[in-house]
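Working notes, structure below.
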Amino acid sequence: MKQKIITLKAQEIPRQWFNILAEIKMNPPLGPDGKPIGPDSLAPVFPMNLIEQEMSTERWIDIPEEILEVYSIWRPTPMIRAFNLEKVLNTPAKIYLKNESVSPPGSHKPNTAVAQAYYNKVFGIKKLVTETGAGQWGSALSFACNQFGLECEVYMVRVSFEQKPYRKIMMLSWGGKCYSSPSNRTNAGRTVLEKHPDTPGSLGLAISEAIETAVTDTSGTTRYSLGSVLNHVMLHQTIIGLEAKKQLEKVGDFPDVIIGCAGGGSNFAGLSYPFIYDKINGKQIEIYPVEPVACPTLTKAPFVYDHGDEAKYTPLLPMHSLGHAFIPPPIHAGGLRYHGIAPTLSQLINDGLVTPKAITQLDAYEAGVLFARTEGIIPAPETNHALACLVDEAKKAGEERKEKVILVNFSGHGLMDMGSYEKYFAGELTNFTLPEEEIAKSEQVYKDYPKPELVKNFNQSTV
Ligand SMILES: *Cc1c(COP(=O)(O)O)cnc(C)c1O
């Protein structure tokens with residue numbers, strides 16, 4: 001029998017995370033005075049042990065035993081060799097998927113949620129506040145807080161709150177609280193509700209509500225938590241790629257192509273950053289972050305300094321951004337609707353180490369349904385974008401007659417997303433391309449901000 005599932009034993013789990021900041025130089029985040037921020041300015045928002053991690057340039061960071069213990073509920077995750085999909089696509093490529101959908105909340109997100117809950121707990125924090133787009137992050141943090149005995153409060157983007165009511169019930173099941181954003185609970189929420197009572201909400205605005213709630217809590221034991229974008233989040237996710245490397249070694253393969261969908265960039269980073277280390281050191285690998293054409297941060301937005309949230313509470317981050325006030329069209333991949341992208345991923349794009357791709361909504365669902373009908377697992381709408389890129393790459397390998405090894409992050413399952421599949425089967429989903437005028441308009445918000453330098457880390461001809 002062919003080996004379909006490649007597993008690791010419990011004791012083979014990686015015991016360190018990989019830090020990409022050991023490999024690349026970046027523009028610093030800036031404070032309101034336009035100067036690089038120090039650790040103290042973040043202290044009301046995050047615990048100091050996570051701020052230290054955010055700024056660390058150590059290549060390897062030990063994973064505490066308590067975190068490994070919670071990881072052991074679902075990690076190491078299996079790797080799937082997609083024989084059936086290969087056959088249907090008639091491709092010479094070998095397709096491997098790292099299956100992050102097997103975690104209790106159903107995605108990669110608890111890899112960092114568990115770590116963040118742990119470090120907050122150790123620092124003496126009692127409650128975490130956060131936002132969520134499609135509900136994946138809110139449920140992951142509720143799960144993680146529950147494991148470590150912390151309270152959890154979540155602001156969920158209104159359009160998802162209405163489309164996906166059962167994500168909220170998951171949060172309640174793990175003891176979390178969930179509010180529709182914009183809400184009347186914060187200044188940021190009330191200001192937007194006054195002007196636009198019917199707004200679908202945005203991740204940028206929900207972040208503002210969560211930060212405001214955390215920093216105005218007078219107990220001193222509440223902090224904010226972010227599910228993507230920041231350096232420490234990318235770091236925690238690298239367990240995915242480090243496991244994948246060991247699994248591929250077991251079958252004697254190494255990837256020629258790596259694919260992950262990108263909202264804030266964390267599942268993509270988790271799979272690909274450990275391999276970027278190899279690419280910098282001479283390996284030939286094509287690495288593709290994939291986004292929806294409806295929210296084209298990677299493929300269309302310029303590299304600028306912008307805030308991570310609508311109300312401008314965060315420092316200025318060096319990133320590709322559509323503008324912090326951007327309200328994305330309500331496509332069904334809620335987790336891919338963020339206006340910005342991780343600064344580390346932005347830098348890797350500038351360095352030419354990764355090549356962004358954009359996929360339409362209908363191509364994404366077509367690939368997702370093909371995957372469900374060949375490999376059996378129904379993917380999350382976000383994951384469908386990575387799968388559509390996979391289908392393109394597998395076909396390309398066929399045209400080139402090359403036996404390429406393609407590695408994909410299967411970031412989550414779609415069992416909580418049946419509403420969007422229902423619309424797809426009813427023919428009610430459409431493609432939406434963001435008009436260039438819209439992009440130009442929403443980018444006005446940062447035109448007076450300082451501009452990041454074009455830091456170059458590598459000589460292109462050597463990569
Ligand atoms: C949240 C989410 C994403 C997008 O977030 P990243 O930080 O870019 O990984 C992708 N897939 C799934 C299943 C998600 O839940």
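The values are calculated or read from the model by the stated rules, or taken from the named source; none is laboratory data. Keep in mind it's a predicted model, so treat the numbers as computed, not measured. Positions of Cβ are generated from backbone atoms using ideal geometry, with glycine treated the same way; all protein chains shown enter the neighbour counts. Accessible surface is based on the protein model in full, side chains and every heavy atom, while ligands, DNA and RNA are left aside. Shrake-Rupley method; radii C 1.70, N 1.55, O 1.52, S 1.80 Å.
Just a few scattered comments:
- One residue stands out among those in segment 191-218 that are under 14 Å from V154 (Cα atoms) and β-branched (V, I, T): the one that is surrounded by the most Cβ atoms within 10 Å (Cβ to Cβ), which is I207.
- For beta carbons closer than 6 Å, sequence separation of 6+ or different chains, a first residue in segment 374-386 that is farther than 17 Å from V257 by Cα and a second that is among the polar types (S, T, N, Q) and surrounded by fewer than 19 Cβ atoms within 10 Å (Cβ to Cβ), the qualifying pairs are T374/N84; E375/N84.
- Residue within segment 122-133 that is within 22 Å of the chain's Cα centre (by Cα), of a type in the set (S, T, Y) and away from the ligand (no atom under 16 Å from the Cβ) present: no
- Scan of segment 54-81 for residues that are β-branched (V, I, T) and either loosely packed, with under 15 Cβ neighbours inside 10 Å or farther than 13 Å from W17 by Cβ (or both), ordered by number: T57, V70, I73, T77, I80
- Search result, residues across segment 152-190 that are more than 23 Å from the chain's Cα centre (by Cα) and buried (at least 17 other Cβ atoms within 10 Å of the Cβ): S183, T186, A188, G189
- Among the residues of segment 373-381, not a single one is of a type in the set (S, T, Y) and in contact with a Phe, Trp or Tyr (Cβ under 6 Å, 6 or more places away or on another chain).
- Filtered residue count, segment 130-147, keeping only those that are touching a residue at least 40 places away in the same chain (Cβ under 8 Å) and surrounded by fewer than 24 Cβ atoms within 10 Å (Cβ to Cβ): 1
- Of all the numbered requirements in (1) away from the ligand (no atom under 16 Å from the Cβ); (2) hydrophobic (A, V, I, L, M, F, W, C); (3) in contact with a His (Cβ under 9 Å, 6 or more places away or on another chain); (4) over 30 Å from P315 (Cα atoms), V445 misses one, and that requirement is (4).
- Only residues that are touching a helix residue (DSSP H, G or I) at 6+ places or on another chain (Cβ under 6 Å) and farther than 14 Å from A113 by Cβ were counted across segment 255-271, and they come to 10.
- Failed item, numbered, when L30 is tested on (1) farther than 18 Å from P343 by Cβ; (2) at pLDDT 95 or above: (1)
- Some residue of segment 325-334 being modelled with pLDDT of 95 or more, crowded, with 22+ Cβ neighbours inside 10 Å, within 15 Å of the ligand (Cβ to nearest atom) and on the phi < 0 side of the Ramachandran plot: no
- Residue-level check: of (1) open to solvent by 30 Å² or more (accessible area, probe 1.4 Å); (2) not in a helix (DSSP H, G or I), T299 misses just (2).
- One residue stands out among those in segment 11-40 that are open to solvent by 70 Å² or more (accessible area, probe 1.4 Å) and assigned to a helix (DSSP H, G or I): the one that is farthest from K456 (Cα to Cα), which is Q11.
- Test: residue in segment 368-381 that is open to solvent by less than 40 Å² (accessible area, probe 1.4 Å), at positive phi, more than 13 Å from the ligand (Cβ to nearest atom) and in a loop (DSSP other than H, G, I, E, B): no
- Matching entry among D309, D363 (being away from the ligand (no atom under 16 Å from the Cβ), touching a helix residue (DSSP H, G or I) at 6+ places or on another chain (Cβ under 7 Å) and over 22 Å from K25 (Cβ atoms)): D363
- Looking across segment 403-422, the residues that are surrounded by fewer than 23 Cβ atoms within 10 Å (Cβ to Cβ) and touching an Asp or Glu at 6+ places or on another chain (Cβ under 8 Å) come down to K404, V405.
- Of all residues in segment 225-262 being open to solvent by less than 10 Å² (accessible area, probe 1.4 Å) and of a type in the set (G, A, S), the one that is farthest from the ligand (Cβ to nearest atom): A244
- First in segment 25-51 and farther than 19 Å from T216 by Cα and outside the structural domain of T216 (by TED's automatic domain parsing), second anywhere and open to solvent by less than 30 Å² (accessible area, probe 1.4 Å) and of a type in the set (G, A, S), Cβ under 7 Å, 6 or more apart: I37/G31
- Top-ranked residue in segment 98-129 [being of a type in the set (G, A, S) and under 20 Å from P47 (Cβ atoms); ranked as most open to solvent (accessible area, probe 1.4 Å)]: G124
- Given (1) in the same structural domain as D309 (by TED's automatic domain parsing); (2) away from the ligand (no atom under 15 Å from the Cβ); (3) hydroxyl-bearing (S, T, Y), index of the condition S101 fails: (2)
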